[in-house]
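The values are calculated or read from the model by the stated rules, or taken from the named source; none is laboratory data. The model shown is predicted, which means the values in this text are computed figures rather than measured ones. Methodologically, a virtual Cβ is constructed for each residue, glycine included, from the backbone with ideal geometry; neighbour enumeration extends over all protein chains shown. These area figures cover heavy atoms from the full protein model, side chains too; ligands, DNA and RNA do not enter into them. Shrake-Rupley method; radii C 1.70, N 1.55, O 1.52, S 1.80 Å.
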Amino acid sequence: MYEILHKERLNPTCHLMVVAAPGVARKARAGQFVIVRTDEYGERIPLTIADFDRDKGTITIILQEVGKSTMEMGTLRVGDGLATFAGPLGHPTEVQQYGTVACVGGGVGIAPLFPITRALKEAGNEVVSIIGARSSDLLFWEERMESVSNRLIVCTDDGSRGRQGVVTEPLTELLEERPGQIARVWAIGPAIMMKFASLATRPYKVPTIVSLNTIMVDGTGMCGGCRCLLEDGARFVCVDGPEFDGHKVDWDNLLSRQQFYREEEQQAVERWQHRCQLDEAVARGGS
Amino acid sequence: MAELTNKERMRIPRQDMPVQDAAARRANFDEVALGLETEAARLEAERCLQCSRPRCVEGCPVDVDIPGFIEAVRTGNLSEAVRIMKTRNSLPAICGRVCPQETQCEQLCILGKKGEPVAIGRLERIVGDWELRERTQALEKAPSTGKRVAVVGSGPAGLVCAVDVARQGHDVTLLESLHLPGGVLTYGIPEFRLPKSVVMGEINHAIENLGIRLCVDHVIGRIATLAELLDEYDAVFLGTGAGLPSFMDIPGVNLNGVMSANEFLSRVNLMRGYDFPQYDTPVKIGERVVVIGAGNVAMDAARCSIRLQELHGNGRGEVHIVYRRSREEVPARAEEVDHAEEEGVIFDFLTNPVEIMGDEAGKVTGMRCIRMQLGEPDDSGRRRPVPVEGSEFDLPVDTVIFALGTSPNPLVFVEAESLSRSRWGTVIADEETGRTTTARVWAGGDVVTGAATVVSAMGAGRRAAADIHAFLAGELEPWSDSET
Ligand SMILES: Cc1cc2nc3c(=O)[nH]c(=O)nc-3n(C[C@H](O)[C@H](O)[C@H](O)COP(=O)(O)OP(=O)(O)OC[C@H]3O[C@@H](n4cnc5c(N)ncnc54)[C@H](O)[C@@H]3O)c2cc1C
Ligand code: FES
């Protein structure tokens, strides 16, 4: 059991959890992920490492409630335990002094982007960060990102915070404003956002690193369920990634593979919500 | 009862093992083969001629005294049978169920020359099952030596090595990357062939009695490297298996509905996907499933598919096994092939896929195959399948499961440059001792041989354990320079 030491709600669907996992924390580096399972019945799901504290032996994960497993995990409290917490998995981000870099995060992708941005800043890069969400109540970690960036641009789809629009707009402007000066771009968020960020940087030939979030089972290279297609063939995201050159990724294949278990996921969510309603009804009836 | 003459013994027919009815078992994951009844087992044991130079033992990769244990079964002394068995094989309940007896011990049985061989595997199973219930043989640990040994991987090789090393009084830590121990026994071989209660029963018994520390969720190469283990432990055994799946290099392998047998079987067995939505991990099965390959892995995948179609689908559907060679070359255990056929799996021999087709949404819709014929023998001595020109045809399919060969998962080799490996990625180790090219590192099982068998992995674990103990006891020279 891996104890949950701290939990907070970042927005209506996202939780932050600090989990005691000293072995994982000792080795964790920016860009890696863990495989988490709630209990004996749970699925193994990959979650990117949002922060780590080697001294305290903790890992911070951000959980977005998208399916039954994440919803259920969201109901756990401080003091509860997670049955599985395996990691750190995948290759860490290649952090070097590149010069000026841009770190682009969308929605829950801001969480894994944070330690990468911090590491890039600590390595002596000038970091321009761009973060975005649908609206201000979904946006989190603005201050944290600010603290590790030389410049931070915030945008929301509805304009409720920062400028109105999607992250690719300020990204394109940046590449226009400072031609040839941006050495590398990191783009992390929903697949569709990473796809468009990669399309935006392609004409400028700026290497663009994305962190792919495919369906996984073991997370150790054993099943191939996580495979993605690059220009030159398939890769296993869990061991060859999770970071890849966004210009080489077959995004349509990725998006379609992410949808494979959609029906089953919906079925599980409905069943879960139904059970929650029953529990509530019982609780109300009993009081 | 009076002693029988050999003639009389040879008149006793080979005793059939009761099995679940084929129609019924298509719709459940319960064990198919139910084990011999006590009287049938005694009769079967009577069939053994107690050869003075038993050939069967030569066929056993771990040299079990087969006539010895069979004689104990015949006289009803099961605890003696267990004792004899366990001096060579610590997991008889498992081996009795999964060993390919027809190509090992039973193939060499003298009775097989004219009739049917003694059902050694079935007898082994009843001995193992009896001991699972009775626990007559104590697993004892010698006084502590203070030496620490890390065993990486908890499949049959790692388990047996851990048990044997721990019995000598060494302090053993068993490191496993998944959340459950057992390796292929847990994630690969389905419940209906090897109940998980048998596997976990054996593992828990060993761990508790020998004080083995089991650390699951420990992916070596990530949470700790081999070099770090060597700092902390006096000896390290690598039993990490051959878990890396392979796909064919044909168009369409990344379509939705195409998966490796490892993924499919892990979802079904390790994650209990057949119990979805009780268990959270979904496993999708189509109405037209094709499994490519004809080893045990393929049979398991096909038979799980049949069951999922019955349980989760509407019972309609077809499951095909597509194999490029002919029936004679099928590498799976004979019993599994028979069971698969009884359950309705359709075999397409001398057939090879050339392309997988999909729709706009990226879902599999069909598979183009080509007919094969057998040509000249290849390196393995089997006749090489060659395509028959112009014989392509399309199969409508919605699920494709690749059950081709697997190779060692390289994760454990991170920062382990001194560990020599073959060009197939397998670890180079001495066959007798399990010693690798890195000092204080032993290896055995599929990680050394490539995908093989449970019993050969166990044998390798046992031989390495003996060498590790001799090494730790100072009875052996430390690694010679040529080895390091
Ligand atoms: C579906 C299927 C059916 C089979 N049926 C039969 C059969 O009927 N009869 C038969 O004799 N053989 C059968 N086999 C083959 C047999 O299971 C294997 O030969 C045997 O299990 C090999 O044992 P092992 O201990 O070497 O490796 P494995 O059983 O593969 O165990 C290796 C273990 O190491 C762990 N591991 C890997 N990497 C790491 C790491 N970096 N850190 C920590 N842990 C790690 C793995 O998670 C796994 O638990 C079958 C195989 C499969 C896949
Ligand atoms: S998750 Fe199984 S191989 Fe990547």
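Each Lys and Arg adds +1 at its Cβ and each Asp and Glu adds -1 at its Cβ; summed about the Cα centre, chain A shows a dipole of about 380 debye. Solvent-free Debye calculation, one equal scatterer per alpha-carbon of chain A: log10 I(q)/I(0) at 0.08, 0.13, 0.17 Å⁻¹ equals -0.34, -0.90, -1.51. Computed over the alpha carbons of region A:117-203, Rg followed by Dmax gives 12.7, 35 Å.
With the alpha-carbon atoms of the protein assembly as shown aligned to their principal axes, the span from lowest to highest coordinate is 98, 69, 65 Å, starting with the largest.
Per residue and in cubic angstrom, what volume does the convex hull of the Cα atoms of region B:338-484 have? Walk me through the numbers on the way to the answer.
Working: hull volume 28.6 nm³, N = 147.
Measuring per residue, one finds 195 Å³ for the Cα hull of region B:338-484.
Applying 1/(1 + (r/R0)^6) with R0 = 30 Å to the Cβ-Cβ distance of residue B:55 and residue B:134 gives a FRET efficiency near 0.45.
A simple packing score, the average count of other Cβ atoms within 10 Å per residue, orders the peptides B:230-238, B:284-292 as B:284-292, B:230-238, with the highest score first.
Shape index of chain B: Rg/Rh, with Rg the Cα radius of gyration and Rh the Kirkwood radius from the inverse mean 1/r over Cα pairs, equals 0.98.
Buried surface for the B/A pair, taken as the accessible area of each chain alone minus that of the pair with a 1.4 Å probe, is close to 3800 Å² in total.
What share of the DSSP beta bridges in the protein assembly as shown is antiparallel, in percent to the nearest 5? Don't jump to the answer; show the numbers that get you there.
Working: 54 of 110 bridges.
Approximately 50 percent, going by the DSSP bridge assignments.
Once the dipole of chain A is set up with Lys and Arg at +1 and Asp and Glu at -1 on Cβ about the Cα centre, which of A:170, A:20, A:66 lies farthest towards its positive end? It is A:20.
Calculate the dipole size of region A:2-89 relative to its Cα centre from +1 charges on Lys and Arg beta carbons and -1 charges on Asp and Glu beta carbons; express the result in debye to the nearest 20. Mind showing how you got there, number by number?
Numbers: 11 positive and 11 negative charges, 58 e Å.
My answer is approximately 280 debye.
Toward the positive end of the charge dipole of region B:310-356, with +1 on the Cβ of Lys and Arg and -1 on the Cβ of Asp and Glu, the farthest Cα among B:331, B:351, B:313 is that of B:351.
Interface burial in region B:346-374 reaches 50 Å² or more for no residue, comparing the full protein assembly with the chain by itself; accessible area from heavy atoms with a 1.4 Å probe.
Taken about its Cα centre, the protein assembly as shown carries a charge dipole of about 280 debye when Lys and Arg each add +1 at the Cβ and Asp and Glu each add -1 at the Cβ.
Which whole-number percent is the relative contact order of chain B (Cα, under 8 Å, 6+ apart)?
Values: 1025 pairs, mean separation 74.7, N = 484.
About 15 percent, as a whole number.
Dividing the Cα convex hull volume of region B:6-134 by residue count, how many Å³ per residue is that?
Numbers: hull volume 14.6 nm³, N = 129.
Cα-based convex hull of region B:6-134, divided per residue, equals 113 Å³.
With respect to the cross-link table entries A:7/B:196; A:56/B:141; B:86/B:141; A:27/A:205; B:86/B:147, which display a Cα-Cα separation exceeding 27 Å? Violating the 27 Å limit, Cα to Cα: A:7/B:196; A:56/B:141; A:27/A:205.
Farthest toward the positive end of the dipole of region B:6-134, out of B:79, B:91, B:52, is the Cα of B:52, where the dipole comes from beta carbon charges about the Cα centre.
Over region A:1-149, the alpha carbon radius of gyration divided by the compact-protein estimate 2.2 N^0.38 Å works out to 1.03.
Cα-based values for region B:380-449, radius of gyration first and Dmax second, are 19.0, 56 Å.
For region A:2-89, just run the numbers: alpha carbon Rg, then divide by 2.2 N^0.38 Å, N being how many residues it has.
Values: Rg = 11.7 Å, N = 88, 2.2 N^0.38 = 12.1 Å.
So the Cα radius of gyration is 0.97 times the expected 2.2 N^0.38 Å.
Given just the C-alpha atoms of region B:195-278, how large is their convex hull per residue in cubic angstrom? Provide the component values of the computation, followed by the final result.
On the way: hull volume 14.1 nm³, N = 84.
Each residue corresponds to 168 Å³ of Cα convex hull volume.
Computing FRET efficiency as 1/(1 + (r/R0)^6) for residue A:97 and residue B:424, where r is the C-beta to C-beta distance and R0 is 35 Å, gives about 0.30.
In the protein assembly as shown, helices alone account for a calculated mean residue ellipticity at 222 nm of -9500 deg cm²/dmol, with every DSSP H run of four or more residues adding -39,500 (n - 2.57). Cβ-Cβ distance of residue B:249 and residue B:205, R₀ of 51 Å, FRET efficiency by 1/(1 + (r/R0)^6): the value works out to about 0.70.
With viscosity set to 1.002 mPa s and temperature to 20 °C, compute the Stokes-Einstein D of region B:152-236, Rh being the Kirkwood radius across alpha carbon pairs; µm²/s, no decimals.
Details: Rh = 13.3 Å.
Result for D is 161 µm²/s.
Look at the stretch B:218-226: the mean tally of other chain Cβ atoms within 10 Å of its residues' Cβ atoms is 5.
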